[in-house]
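Reviewing the structure listed below.
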Amino acid sequence: APPLSCEYPNSQQHASSCRSSSFSSYSSQPQNPLDLLSTVSSQVADKENDHEKQQLHDRHRFPSNPNEEPYLGERNSAGQRHGRGIMTYTNGCHYSGCFVNDKRHGFGECRYPNGCVYTGFWSNGKRDGVGKMVYADRGDVYEGEWMNDCRHGRGIYFRADGRADVSRYVCHSVAGEGTQWSPNREFVVRTEDGVSRGRISVGMALEIGSGIGVSGVPKKMIGGFPCDR
């Protein structure tokens, strides 16, 4: 998998801590985007604690306007949030990740007041690229591609009851042929635009998933989260 980078494809340059390695466009990658998300997320988790400790140690280097929302992190010469940082917004959202010119841009995690959590890529302040959303209000989890704050592209929607929908999304809506797997992953239903069209074999389901760009049997929901066990 590609190395970790906070820099999103075709973005402007980040601060030095956000441009240490390259990240080619997720749309051009042949591998499963969910595998890519898992790889990047694990690398971020390994580095996050050390990074936040360093930010706390160096906070005097990045003075903030007292009238601004609380922010701890790097800034550019214009005083904008730029690079790695932690931001608490007045609406209750808490974001930890990369910024470019005051906007969330690159890889980061946002925790929302309702308990939902998004971990993945951003572009110009919006969810854009590969990402995972945990919907705390209903216990569902979506892992896949986003564009302009909407589920858009390949993805798997894991339901709280254990079912998993493998689909393509267009502007938040399911589009075209897909599959819905039973909680134990032994039975599969073919779907068309999100509507059930009847049971199919596991082999046919895998072919449909491969055509969508999501390979293999979806992970099972264990303890409210998709798990490889």
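The values are calculated or read from the model by the stated rules, or taken from the named source; none is laboratory data. Everything numeric in this text was worked out from a predicted model, so none of it was measured. When we count neighbours, we look across all protein chains shown, and the Cβ atoms used for this are built from the backbone with ideal geometry, even at glycine. These accessible areas exclude ligands, DNA and RNA; they are computed on the full protein's heavy atoms, side chains included. Shrake-Rupley method; radii C 1.70, N 1.55, O 1.52, S 1.80 Å.
Just the residues that are free of Cβ contacts under 8 Å to residues at least 12 places away in the same chain, aliphatic (A, V, I, L, M) and under 17 Å from ARG159 (Cα atoms), please, taken from region 196-228. Full working, then the answer.
Of the residues in region 196-228, the ones free of Cβ contacts under 8 Å to residues at least 12 places away in the same chain are 197-198, 203, 206-207, 210, 222-223, 227-228.
Filter again for aliphatic (A, V, I, L, M), leaving 206, 222.
Correct list: ILE222 only.
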Lone qualifier among VAL134, VAL189 - being more than 18 Å from the chain's Cα centre (by Cα), at pLDDT 95 or above and open to solvent by 10 Å² or more (accessible area, probe 1.4 Å): VAL189
All positions within region 81-140 that are touching a residue at least 40 places away in the same chain (Cβ under 8 Å), hydroxyl-bearing (Ser, Thr, Tyr) and more than 18 Å from CYS171 (Cα to Cα): SER96, THR119
Out of GLY115, GLY106, GLY92, sole residue that is on the phi > 0 side of the Ramachandran plot and open to solvent by less than 30 Å² (accessible area, probe 1.4 Å): GLY106
Extreme residue, modelled with the lowest pLDDT, among residues of region 197-229 that are open to solvent by 80 Å² or more (accessible area, probe 1.4 Å) and part of a strand (DSSP E or B): PHE225
Region 107-151, residues that are within 23 Å of MET221 (Cα to Cα) and assigned to a loop (DSSP other than H, G, I, E, B): TYR112, ASN114, GLY115, CYS116, ALA136, ASP137, ARG138, GLY139
Residue in region 71-89 that is most open to solvent (accessible area, probe 1.4 Å), counting only those that are part of a loop (DSSP other than H, G, I, E, B) and either within 18 Å of ASN148 (Cα to Cα) or of a type in the set (Ser, Thr, Tyr) (or both): SER77
Subset tally (residues that are assigned to a strand (DSSP E or B), hydrophobic (A, V, I, L, M, F, W, C) and farther than 24 Å from ASN114 by Cβ) for region 152-191: 6
Filter result for the condition that a residue is touching a Lys or Arg at 6+ places or on another chain (Cβ under 8 Å) and under 30 Å from HIS105 (Cβ atoms), over TRP146, TRP181: TRP146
Qualifying residue in region 147-156 (condition: among the basic types (Lys, Arg) and surrounded by fewer than 17 Cβ atoms within 10 Å (Cβ to Cβ)): no
